[in-house]
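The values are calculated or read from the model by the stated rules, or taken from the named source; none is laboratory data. Since the structure is predicted, the reported quantities are computational estimates derived from the model, not experimental observations. We place every Cβ from the backbone using ideal geometry, glycine too, and count neighbours over all the protein chains shown. Just so you know, the surface numbers come from the protein's heavy atoms only, side chains and all, with ligands and any DNA or RNA stripped out. Shrake-Rupley method; radii C 1.70, N 1.55, O 1.52, S 1.80 Å.
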Amino acid sequence: MAAASGHNARLLALALALLLAALHLHGVVCDPSHTHFAMVSRNAPSWRPDRGGQGKVSAPSLDTCGCGPAPAPAPADPLKAASLDKCGCPPAPAPSPEPSPEDFLNENLQALYPVIQAFKATITSDPRGVTASWVGPNLCDSYFGGDMYKGFYCEHPPAPPAKDNTTLTIASIDFNGYGLGAPSLAGFVDAFPDLALFHANSNNFSGEVPDLTGLPYFYELDLSNNNFSGAFPATVVPLGRLLFLDLRFNRFVGTVPPPVFDLTVVALFLNNNGFYGNIPDNFGSTTAEYLVVANNQFTGPIPRSIYNTSANLSEVLFLNNHLSGCLPYEIGLVEGLTVFDAGGNDITGPIPLSLGCLGLVEELNLAGNQLYGHIPDVLCALAKTGKLQNLSLSDNYFHSVGRRHCLELVRSKVLDVRLNCIPNFPHQRPALECARFYADPPQHCPFVPHIPCDLPGFRPPAAALPSAVAAEEGGGGGGGGN
């Protein structure tokens, strides 16, 4: 089991990419705990590799007074009985003596011992009794299959002079789900010179995010579901080697600096905070495969630069913000998309025909916006020609659907068109409400009658076809009535 721990640490970015690719994103938005981390299924296990039970320490059993485990019964001595506190707890055992330098495997671990002990002294909550294992000189106990120093994992640094006990160092810290509380991580995380990753999902940490630029091997930072607040942490922006950044479920506010989208990350999770303002125009510079900005207060349009992510972006969630403007034609150029979710915004305009080129998309959610016009067959055909499994267009202002493919998806409940303006369909908006919307739509968005890919059964450009056929194959702007 110890060898497995070391192997996982050495895989670095490769392991991250493979593990993330096996998942979907929606659980990132809906569940702050990695123990129920799933991107579509909300009951999937943690994405982190199983450590085989290494380093697991049971919390001390406590009696109703909060006493720790009692030592062997003492003789019936009235003087000793008087030394018990009002709860009847026995005297606490004497603290263990400080380890001597020769007790440590190497000088590096000896230097890290006071760092851990100083941080331990600041812990304000420890519901699982994790810090009870942070005693003695065996900082790398989990490497050898032991139970001490839970949450700390050792490995040899890259290209060490020798792979023996003299070069072992703490390479990763994983506090996921521990519920630890501390007023600050500064002076702790940044004091581990060989640290590669720090995971602290579902704790009660707060304060400033420490400056980690002095850690040459650092590549994963997970601070999700804690009590961090204030502006986007400026100390994160210079982390050029970062592959995984998770700041979701905190209380960060303000704008997101454009350089965040220049980070060479595989996964970027900023959801469930208080970020606001426009999503930066350089959004398309991101290298992320998985990107979530949902459940914030972002405004303005989805950046048209999204087309630049075609080589990497797989799943992106914009849902539940205040985004507006026209639905960008450029979305259809991101050929690798498997999940696109922009539900619960104020986006308007017709559906671009380019979305019919998303042959890998499995879930497409545009519900709860102000989209209008015709639902094109070129999009619905993806359920047959591509991988589309769920198309949600409810709570908009569409007035018609494609007859060849879309009607079939409505019947099979793959396509949800409730609360629109489609005549003779059940559960639609009142006719008067639809008439008012089409009399004064929120914004005029141009309809581009072009399909930027070769699709069997569709003849681009639609502008060259008679108008009636063009409307059936995906035309139909937003100006028509109900």
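One residue stands out in region 343-365 among those that are closer than 24 Å to Q297 by Cα and acidic (D, E): the one that is surrounded by the most Cβ atoms within 10 Å (Cβ to Cβ), namely E363.
Give the residue, chosen from G332, G325, G349, that is closer than 17 Å to G277 by Cβ, in contact (Cβ under 8 Å) with a residue 40 or more places away in the chain and not polar (S, T, N, Q).
That would be G325, the only listed residue that is closer than 17 Å to G277 by Cβ, in contact (Cβ under 8 Å) with a residue 40 or more places away in the chain and not polar (S, T, N, Q).
Report, by residue number, each residue of region 234-266 that is touching an Asp or Glu at 6+ places or on another chain (Cβ under 7 Å) and in a loop (DSSP other than H, G, I, E, B). Correct list: T235, L243, V266. State the number of residues belonging to region 385-396 that are surrounded by fewer than 24 Cβ atoms within 10 Å (Cβ to Cβ) and over 22 Å from H450 (Cβ atoms). Selection size over region 385-396: 6. Tell me yes or no: at least one residue of region 107-118 is open to solvent by 30 Å² or more (accessible area, probe 1.4 Å), assigned to a loop (DSSP other than H, G, I, E, B) and without any contact (Cβ under 8 Å) to a residue 40 or more places away in the chain. So far as region 107-118 goes, no, none of its residues is open to solvent by 30 Å² or more (accessible area, probe 1.4 Å), assigned to a loop (DSSP other than H, G, I, E, B) and without any contact (Cβ under 8 Å) to a residue 40 or more places away in the chain. Of a type in the set (G, A, S), part of a loop (DSSP other than H, G, I, E, B), crowded, with 20+ Cβ neighbours inside 10 Å and on the phi < 0 side of the Ramachandran plot, is that true of A294? Answer is yes for this residue. Residues of region 304-315 that are free of Cβ contacts under 8 Å to residues at least 60 places away in the same chain, open to solvent by less than 10 Å² (accessible area, probe 1.4 Å) and touching a Phe, Trp or Tyr at 6+ places or on another chain (Cβ under 7 Å): I306 alone. Of everything in region 164-184 that is without any contact (Cβ under 8 Å) to a residue 60 or more places away in the chain and either in a loop (DSSP other than H, G, I, E, B) or of a type in the set (S, T, Y) (or both), the residue that is surrounded by the most Cβ atoms within 10 Å (Cβ to Cβ) is L180. Out of curiosity, is N282 open to solvent by 10 Å² or more (accessible area, probe 1.4 Å), over 19 Å from G344 (Cα atoms), without any contact (Cβ under 8 Å) to a residue 60 or more places away in the chain and assigned to a loop (DSSP other than H, G, I, E, B)? Judged against the criteria, N282 is not a match.
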